[in-house]
Amino acid sequence: QVQLVESGGGLVQPGGSLRLSCAASGRIFSIYAMGWYRQAPGKQRELVATITRGGNTNYADPVKGRFTISRDNAKNTVYLQMNSLKPEDTAVYYCNADVQHSILLLATNYWGQGTQVTVSS
């Protein structure tokens, strides 16, 4: 009922920057929290950053001061600006959103398909 489509991943050198985008489409009445998670090979999926509809943000310690999450509620889109990238940031990055389909329903959690970020020289 809702699709989350990520874009912006790729290969970047250490110290470089990337900007990820995630656009939600489908049957959407409102979107509550949106966020980014990542999963490196052989590791569990972990939180990167979240943002509420009102703009309150939360970051994992490894990315504080380097990554910035933002959202455009009119476009149902969340962004992740990643600066000063390190090889340990290499992972598949997943978008996540709590979507309310109608005023009568509770929110449903959705995941995107993921986008690969590789930091290497």
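General remarks:
- Lone unmet requirement of (1) surrounded by 18 or more Cβ atoms within 10 Å (Cβ to Cβ); (2) over 15 Å from the mean Cα position of the chain (by Cα) for residue 102: (1)
- Of 83, 109, all but one fail to be touching a Ser or Thr at 6+ places or on another chain (Cβ under 6 Å) and open to solvent by 40 Å² or more (accessible area, probe 1.4 Å); the exception is 83.
- Residues that are closer than 16 Å to residue 51 by Cα and of a type outside the set (Phe, Trp, Tyr), drawn from the range 20-32: 20, 21, 22, 23, 24, 30, 31
- Within the option set 78, 117, being of a type in the set (Val, Ile, Thr), without any contact (Cβ under 8 Å) to a residue 60 or more places away in the chain and open to solvent by less than 20 Å² (accessible area, probe 1.4 Å) holds for one residue only, 78.
- Of residues in the range 1-23 being among the polar types (S, T, N, Q) and more than 14 Å from the chain's Cα centre (by Cα), the one least open to solvent (accessible area, probe 1.4 Å): 17
- Members of the range 24-59 found to be farther than 16 Å from residue 101 by Cα, open to solvent by 30 Å² or more (accessible area, probe 1.4 Å) and not in a loop (DSSP other than H, G, I, E, B), listed by number: 37, 39, 46, 47, 50, 57, 58, 59
- Selection of first residues in the range 1-16 that are under 11 Å from residue 90 (Cα atoms) and of second residues that are among the basic types (Lys, Arg), restricted to Cβ pairs under 8 Å at least 6 apart or on distinct chains, gives the following pairs, ordered by first then second residue: 14/86.
The values are calculated or read from the model by the stated rules, or taken from the named source; none is laboratory data. Quantities reported herein were computed from a predicted structural model and do not represent experimental measurements. Reconstructed Cβ throughout: ideal geometry from the backbone, glycine too, with neighbour counts over all protein chains shown. In case anyone asks, the SASA skips ligands and DNA or RNA and just uses the protein heavy atoms, side chains included. Shrake-Rupley method; radii C 1.70, N 1.55, O 1.52, S 1.80 Å.
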